[in-house]
1. Just to be sure before I move on: is Glu90 farther than 29 Å from Cys210 by Cα and among the charged types (D, E, K, R) in the structure I sent?
2. For residues that are surrounded by 16 or more Cβ atoms within 10 Å (Cβ to Cβ) and either under 24 Å from Leu191 (Cβ atoms) or in contact with a Gly (Cβ under 9 Å, 6 or more places away or on another chain) (or both), tally how many sit in the range 346-362.
3. Quick check, is Gly300 out of contact with any Asp or Glu (no Cβ under 6 Å at 6 or more places or on another chain), in contact (Cβ under 8 Å) with a residue 60 or more places away in the chain and at positive phi?
4. Out of all the residues in the range 300-323, is one or more over 23 Å from the mean Cα position of the chain (by Cα), small (Gly, Ala, Ser) and in a loop (DSSP other than H, G, I, E, B)?
5. Just wondering, is there one or more residues in the range 185-192 that are at pLDDT 95 or above, crowded, with 19+ Cβ neighbours inside 10 Å and in contact with a helix residue (DSSP H, G or I) (Cβ under 7 Å, 6 or more places away or on another chain)?
6. Check the range 72-84 and report whether any residue there is charged (D, E, K, R), surrounded by fewer than 18 Cβ atoms within 10 Å (Cβ to Cβ), more than 17 Å from Leu383 (Cβ to Cβ) and at pLDDT below 85.
7. Condition check: part of a loop (DSSP other than H, G, I, E, B), over 21 Å from the mean Cα position of the chain (by Cα) and acidic (Asp, Glu). Does Glu209 satisfy that?
8. Mind listing whichever residues of the range 422-438 are surrounded by fewer than 24 Cβ atoms within 10 Å (Cβ to Cβ) and assigned to a loop (DSSP other than H, G, I, E, B)?
Amino acid sequence: MINTLLLILLACSCATALPQLASLGATSTDELQREIEKAFRTGAVGPLLRNVTQSLDLRDLLASERLPKEPRRSLLCSTCSLGVAQIIHEVENGAEPEAIVSQLTDLCVAIGVATLNVCEHFFVLAEPQLHWIILNRHVTGKDACGMLFVGFGCETDNPERVWEVSLPDAPKPPVQPPTIPEPGSPVMRVLHLADTHFDPYYKPGSNAECEDLYFCCREESGPPERPEAAAGQWGDYRFCDAPKWLLQAMYAHMNHTHQDIDFILWTGDLIPHNLWNTSREGNLDVTRQAVQMIKDSFPGIPVFPAVGNHEAHPVNAFPQPYIDNEFDISWLYDEIAALWATWLPEDVAASVTYSAFYSTLIKPGLRVLSINTNYCYSFNWWLLYDDVDPASELAWMAEELQRAEDAHEKVYVISHHPPGHRDCSKNWSHQYNRIVHRYESTIAGLFYGHTHKDHYMMFYDPEESERAYHVGYVAQSQTPYHKLNPGYKVYTVDGHYEGSSYRVLDHENWILDLDEANQSDEPRPFLLYRAKEAYGMSDLTPSSWSDLVYEMDQPNSTVFEDFYRHYTKAGRPLLEAGCDGECKHDLLCELLTSDNSDKSRCDTLSSSEVPQQQHM
């Protein structure tokens, strides 16, 4: 680990790092290596690491284009491993919590995770849980960073992080290609809401430019220093979440415009982005208000919710159900079980209070499985303690799908995080994909949120790599956080009749233009596009969605330009910034990846062959 860090600091950052060796008291690579080895022997790695990161302006290096992408990844992961190893050493040797918060803050700032203000306040909340985990599970720096920062390319070397879910031993039935229903067949309409992020303290006219906190537009944000910095009436493109009146206006529009909605999928993240200043009671209050708005806005319409990572306090912290000390999460699960009882039957309460997942019928012949994907989310530090199928959820998922297969039911699988997202634990993602592949004929739809963008995710057969066998739909957020317009998605699906596939046949996507809305007293959401019409698709089968990826991969593809506009919900700041070659490659790679442990299909993109500018 030491040699790796040295090679990266001194070889890859060459022109930047070498002139600064003198400030570290070293005149050569060998001398700096001896200094670090001495620091490990004497337990003084913390001060040396701080000196290295400050002298080399590590945060600036990680954010700049002076280092190519791969060395920059290695620099981040090696520095993280070194810093976390020191923190573990301090905890195991009885350091006071205040000292650990200080070291966590230093590392957080050094590797560019957030600003000093955010890092410091956040780790005051998080340190007790991290402290307990370190004292109760042997974790190394490389293991911790490989788990927490999988999305940045860090990798754990702990073989215990590789595990497998046992699937029911029933043989997989023959796969039947998707069938397109006859014209005039019954259809259903499904509203997908995602990433509400309701801020009860949003204040129009307050400061919207408080980037040091990554969260603005409240009275506590202070007054704006210039007129352009004032928060808009209906929301703001900057680091601001959704005011109550914006959500109420959006819901009223949905109810008026789409009076044929059969049911709603609501895939989590109700809490605002003040992640450094949350509390249990504060999160529960926002959750109650958010649920009440849905109840008031859509009376009589069934709603099937999933839990997001922001619902926890601290954010992302979802301990295993057997953790029954002061970190027990029953405070959240008991409350959402009571709130969700508005729409769900009594027989799901036990699994919701256990670990916030459930299985229930939508209609005879169509079931929904709501999965708690916080057990895949790498920033859930409780996975450091135990990541082996937490709550036995994936085993439960496979068993429920087997029961559905036996009963000849179709199933919608909903969750907050898409399994191919870069921050989903690689092994969890792989096991999830094994289950989806086994039960591909039973699963009729896969629906996610989390990214705030409007896109999809391909599932390819691991045994027949060219066969696209499923597509997951990722819905756009209602919050404008950040640089986005509020939006929502409505699916037209094969209807409720004997032999229905229940597959998505088309979807339409609506947005509210914030620039326009903030110039008027009444917001006017409008239709941005319909999928089949916008992309010239005859159907929305997995093979058609796969073909679209490779059509967009062509140089100068106008289809990609359209897709990017839809992906960003026509958010002016992102459209103005544009999407260069590397951006395009990364986005198409995202569409091709449902298993975060295998991104090899991204190498098939033609844009992979073109040298790109590198950005973090």
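1. Yes.
2. 8
3. Taking the combined requirement at face value, the residue does not satisfy it.
4. yes
5. yes
6. Checking the range 72-84: not a single residue is charged (D, E, K, R), surrounded by fewer than 18 Cβ atoms within 10 Å (Cβ to Cβ), more than 17 Å from Leu383 (Cβ to Cβ) and at pLDDT below 85.
7. Taking the combined requirement at face value, the residue satisfies it.
8. Residues satisfying the conditions are Arg422, Asp423.
The values are calculated or read from the model by the stated rules, or taken from the named source; none is laboratory data. Keep in mind the model is a prediction, meaning the values are calculated, not measured. Cβ atoms come from the backbone with ideal geometry, glycine included; neighbour counts cover every protein chain shown. Surface areas here come from the heavy atoms of the whole protein model, side chains and all, with no ligands, DNA or RNA. Shrake-Rupley method; radii C 1.70, N 1.55, O 1.52, S 1.80 Å.
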